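First comes the structure, then the notes that go with it.
Values quoted throughout were computed directly from the atomic coordinates according to the rules given, and no laboratory measurement underlies them. Quick caveat: nothing in here was measured; it's all calculated off a predicted structure. Here the Cβ is made from the backbone with ideal geometry for all residues, glycine too, and neighbour counts use every protein chain on show.
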Amino acid sequence: MKKNLTGLIDLQKIDKELHTLEALKGDMPQQVDVLRSKLAAREIEHDEKKQALVEVKKERALLESELAGHQDKQKKYQGQLYAVTSNREYDAITAEIETIGEKIDTAEEAIIVLLEQEDSLTSDIAEIEPDIPVLQEILSKKEHELDEQIRATEVEFRQWEKRREELKKDFLPAVIYQYERIRKGVGNTVLAEIHKGVCGGCHSFIPPQKRVEIRTMEQLILCEHCGRILVYSEQQETLVS
């Protein structure tokens, strides 16, 4: 167990080195992700509005064709009025003209609504289109900066990762499991040395007997308060109560 606990000290140093290298990127990865999402959303919005505009134009063309048909019928019926020979025929044709007139009014109103939709969609598209190349350019620059940063640290990062994987092979499964579990909760300071009788992680008091047990490095002992693995190193104080 002592070898395992001593190895954890080395593992934690590696994890801190990896964290430092990762931190050099700053929030650039997040910036890139935000820009990608923003660009994708803008492109989707642009495509949806263009498609909507196509559909509105199709609908208007169909209505205009129907309107032309109604207008032709209206002229036909109006011409027939001069050839009627009875009041019954006159009333029937007049009724048809009124019905066709209502259809014409309905079609014209619908066409006006569609024209307004076309104007609105055309305006929206014109507003969105300039944003896309601007966002593409900004994203390209940020991606380039991020790639440069990754390349600058990639070799060292991989070296540390390789050391980490090799070192992990030497641990008992239960030890590495505890380490990784605690690391998820507290970050890269999984181990805590005792300084002046307290836990180096949360500064809680450690009883003298437990400090003696920790010094032997023969068992995995966790701080009762912060849950970190308590360890001893030659540099720390002599464990005398």
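Points to keep in mind about this one:
- Residues of type aspartates and glutamates that residue 58 reaches as a straight line, Cα spacing below 18 Å, ignoring anything fewer than 8 places off in the same chain: 47, 48, 66, 108, 109, 116, 118, 119
- Top positive-direction residue, dipole computed over region 28-150 with Cβ charges, set 68, 44, 34: 68
- Near residue 34, once Lys and Arg are set to +1 and Asp and Glu to -1 for all other residues with Cβ below 12 Å from its Cβ, the sum equals +1.
- Summing +1 for each Lys or Arg and -1 for each Asp or Glu among the other residues whose beta-carbon sits under 15 angstrom from that of residue 187 gives +2.
- Relative contact order of region 28-150: 48 percent, from C-alpha pairs under 8 Å at least 6 residues apart in sequence.
- Listed options for semi-axes √(5λ) of the Cα gyration tensor in Å are (i) 31, 23, 17; (ii) 83, 22, 14; (iii) 35, 18, 15. The value calculated from this structure is the one marked (ii).
- Per residue, the convex hull spanned by the Cα atoms of region 105-171 amounts to 127 cubic angstrom.
- The alpha-carbon of residue 169 sits under 23 angstrom from the alpha-carbons of these lysines, leaving out residues fewer than 8 places away in its chain: 2, 3, 13, 16, 184.
- Relative contact order (%) - criterion: Cα under 8 Å, at least six apart; region: region 64-215: 12 percent
- Each label was represented as a point 7 Å from its Cα along the Cα-to-Cβ direction; for residue 81 and residue 59 these points are 3.4 nm apart.
- The length gained by stretching the chain between residue 164 and residue 20 to full extension, at 0.36 nm per residue less their Cα-Cα distance, is 50.4 nm.
- The modelled label-to-label distance between residue 43 and residue 123, using points 7 Å beyond Cα along the C-beta direction, is 2.8 nm.
- Per residue, the convex hull around the alpha carbon atoms of region 28-150 comes to 82 Å³.
- Candidate lysines for bridging to residue 38, where Cα separation is under 29 Å - those fewer than 8 sequence places away on the same chain excluded: 25, 49, 50, 57, 141, 142
- Computed over the chain, the per-residue total of -39500 (n - 2.57) for DSSP H runs of n ≥ 4 gives a 222 nm mean residue ellipticity of -26500 deg cm²/dmol, rounded to 500.
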